[in-house]
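What follows is one structure encoded as structure tokens, with my remarks underneath.
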Amino acid sequence: MSTSAVKIGKRSAVVLTLASIAGLMMFVWPLLVRVDPQSMQHGPDAPFVFIGILPILIVIVLAELSEGGMDSKALAMLGVLSAVNAALRPLGAGTAGIETVFFLLILAGRVFGPGFGYVLGCTSLFASALLTAGVGPWLPFQMMCSAWIGMGAGLLPRRVTGKAEIAMLIGYGIVVAYLFGFLMNLWFWPFVTDVEVPYHDGHISYVPGDSVLGNLHRFAIFTLLTSTAGWDTGRAVTNAIAILVIGPAVLATLRRASRKASYGTLPTFSG
């Protein structure tokens, strides 16, 4: 049976839940209140969102450390994987939806657990943004989406092993590829005016003051017509191929590293 190398305690679970709820509100609040579309989108408030994410990461790491789920060896592994992911991202850089940053995040979250995956998602996207000059108002939202991807991988059923595990991870990689595109469209869509596409009659823009269901309906059409068949599908294909081809080897390597490091094992001293 597969087990998480870095176990999550009750305190960490509470922090992750609250952080996820707060993160979700980052995306959906324009649907709950009336906002006026503007050209700067989230430009003015993005720095404050980013400042809010950093304490969350610190609290999660401290909670893991205090409960013994994450020690110095796990932190070192976190740094190594963040650096590897930052180096991998420029290979695709999102061109035509090709993203090389998510498959390792999924595999690491699977091995090391949801808390580790959450923090790795944030640090990977932050480091890669610095490397690729991709810092902008979209970065806090990318970090939160990636954190959820890593956390979700750690929450997948642990009893699934072998080829069934690879199939499960491929399916997960495909699903989160589309969810990532969905959420990353939602962060800017309410602030864009007069959105129209030549192959759809009627506008698909955010309507201030309209019902949540009405705006969600227009947003779903917007996402399907502008993102799903292109960028999101490219991301899903990249995840699936990467996990299928090198997933077994990477999982074996990460699990071997976790066994060698003996995460969660307290040292004993003899006279």
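The values are calculated or read from the model by the stated rules, or taken from the named source; none is laboratory data. The shown structure was predicted, so the numbers you read here are calculated from the model rather than taken from an experiment. Heads up, the Cβs are rebuilt from the backbone with ideal geometry, glycines too, and the neighbour counts pull from every protein chain shown. Accessible surface is based on the protein model in full, side chains and every heavy atom, while ligands, DNA and RNA are left aside. Shrake-Rupley method; radii C 1.70, N 1.55, O 1.52, S 1.80 Å.
Only residues in the range 156-182 that are touching a residue at least 12 places away in the same chain (Cβ under 8 Å) count as the first member; pair them with residues that are open to solvent by less than 30 Å² (accessible area, probe 1.4 Å) and basic (Lys, Arg), Cβ under 6 angstrom, at least 6 apart or cross-chain, and list the lot.
177/235
When you scan the range 216-256, how many residues do you find that are of a type in the set (Gly, Ala, Ser), touching a helix residue (DSSP H, G or I) at 6+ places or on another chain (Cβ under 8 Å) and over 23 Å from residue 77 (Cα atoms)?
Final tally of qualifying residues: 5.
Among (1) in contact with a helix residue (DSSP H, G or I) (Cβ under 6 Å, 6 or more places away or on another chain); (2) open to solvent by 50 Å² or more (accessible area, probe 1.4 Å); (3) within 19 Å of residue 26 (Cβ to Cβ); (4) modelled with pLDDT under 85, where does residue 138 come up short?
For residue 138, the exception is condition (1).
Do the conditions hold for residue 202, that is, is it modelled with pLDDT of 85 or more and out of contact with any Leu (no Cβ under 7 Å at 6 or more places or on another chain)?
no
Name the residue that is farthest from residue 235 (Cα to Cα), counting only residues in the range 141-155 that are touching a residue at least 60 places away in the same chain (Cβ under 8 Å) and open to solvent by less than 40 Å² (accessible area, probe 1.4 Å).
154
Give the residue, chosen from 109, 97, 79, 69, that is at pLDDT 85 or above, under 24 Å from residue 23 (Cβ atoms) and buried (at least 18 other Cβ atoms within 10 Å of the Cβ).
Among 109, 97, 79, 69, only 109 is at pLDDT 85 or above, under 24 Å from residue 23 (Cβ atoms) and buried (at least 18 other Cβ atoms within 10 Å of the Cβ).
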